[in-house]
Amino acid sequence: MNYSQSVAIVTGASSGIGRQIALDLAARGARVVPVARRGELLAELARQCAGLGAEVEPLVGDLADRAFVARIVPRTLERFGRLDLLVNNAGIPKHKQIFDVTALDVERTLGVNFVAPALLTLDALRPMLRQGGGWLVNVSSAAGRMPPPRETIYAASKYALTGFSEGLALDLDGSNIHPIVLHVGPIDTEIWEKAASEAPVRFRGKKFPPSAISEAMFQCIEKGLYEATVPRSLWWAFLFKLLLPGPFRKGGARWDPVSREVIEAARRSARG
């Protein structure tokens, strides 16, 4: 991969993993289209990318808005004339008791975490086919293989993204368009604070820096890999779930149990 003068779209670029990937692409000479909702943070990122010598076209908008999603690839082509790399990184948490999840929660979480990446991928295929190839990177989650307690809807969105990515690897075989899925574990980003605002977060383990995901992405691109897991130790958990699904479910439920008070409150609410 010759990153110099290549063109990359990076969603969720205002902070965390997306910001790190955008900066690392800019440092490698790529032209970057960072996408995010928060204009001030995106403007600061654009200044930093420009300081690294990169051309930048920041796009401010909400990926839950399909009209905005539909403008991203056309605007990229209008500005730079090509598209080499699409990084579907944007995602929102949904850490709630299932009894409290609303239809709007389901629609927005699936919309941002899966529907928007799928639509952007479809839009990216035509220019990549015209120019002979490209890379499609989907930042999924360990939750896309083993759902944590209180994250049923979030896990569903990431399962969808993981399945989509694995299907792309079959459907795009021979096209020179390379899909990559990154299975992300605990990364030190603001998603933890957002999740905790809805329900207490039990996890107290080590959190890895966003640079670990960026490094994994570049390794996949440069070595022709279809997926990576960060940290790699998550494979032990994946294997445990695959081989012993019953004990895995019981262990997860006991690790972060639903209190009797929560169930009784939900039952009272259901009775009206």
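In terms of other Cβ atoms within 10 Å, TRP236, TRP135 run from fewest to most in the order TRP236, TRP135.
Helix 16-27 and the longest principal axis of the Cα set of the chain meet at an angle near 20°. Bins of 5 Å, beginning at zero and ending with the bin holding the largest distance: percent of Cα pairs per bin for the stretch 7-243, please. Distribution as computed: 1, 7, 14, 19, 21, 18, 11, 6, 2, 0 percent. Sort out for me the Cα centre separation of the stretch 158-190 from the stretch 55-79, rounded to whole Å. First find each Cα centre; the distance between them is then 21 Å. Working note: Karplus 6.51/-1.76/1.60 with θ = phi - 60° gives the stretch 91-108 the couplings x, 10, x, 8, 10, 9, 4, 4, 5, 9, 6, 10, 4, 5, 4, 5, 5, 6 Hz, where Gly and Pro are set to x.
Rounded to the nearest 20, the size of the Cβ-charge dipole of the chain about its Cα centre is 760 debye, with Lys and Arg at +1 and Asp and Glu at -1.
What separates the Cα centres of the stretch 105-138 and the stretch 227-266 is a distance of 29 Å. Mean separation of Cα pairs under 8 Å and 6 or more residues apart, divided by the residue count, gives the chain a relative contact order of 16 percent.
Computed from backbone phi, the HN-Hα couplings of the stretch 56-61 come to 9, 10, x, 10, 9, x Hz, rounded to whole numbers (Karplus: 6.51 cos²θ - 1.76 cosθ + 1.60, θ = phi - 60°; Gly and Pro given as x). For PRO147, the shell of other residues with beta-carbons less than 11 Å away shows a net charge of +4, using +1 for Lys and Arg and -1 for Asp and Glu. Taking the average, over residues, of other Cβ atoms within 10 Å as the packing measure, peptides 208-214, 240-246 rank 208-214, 240-246 from highest down.
The residues ARG28, ARG66, ARG260, when put in order of fewest to most other Cβ atoms within 10 Å, stand as ARG260, ARG66, ARG28. Sites listed here are GluC sites (Glu not before Pro) in the stretch 16-75 whose DSSP assignment is loop and whose Cβ has at most 13 other Cβ atoms within 10 Å, and the list is empty. Exposure proxy ranking for MET1, MET146, MET217, MET128, based on other Cβ atoms within 10 angstrom of each Cβ and starting from the fewest, stands as MET1, MET146, MET128, MET217. DSSP assigns beta bridges within the chain; of those with both partners inside it, close to 0 percent run antiparallel. The smallest convex shape that holds all Cα atoms of the stretch 170-272, its convex hull, gives 189 Å³ per residue. What the phi angles of the stretch 172-180 give under the Karplus curve with 6.51, -1.76 and 1.60, with θ = phi - 60°, is a coupling list of 9, 4, x, 8, 6, 9, 10, x, 9 Hz, glycine and proline written as x.
Only the coordinates and a few stated rules stand behind these numbers; no lab work does. Being a predicted model, the structure only gives us computed values, none of them experimental. So basically every Cβ, Gly included, is an ideal-geometry build from the backbone, and we count neighbours across all protein chains shown.
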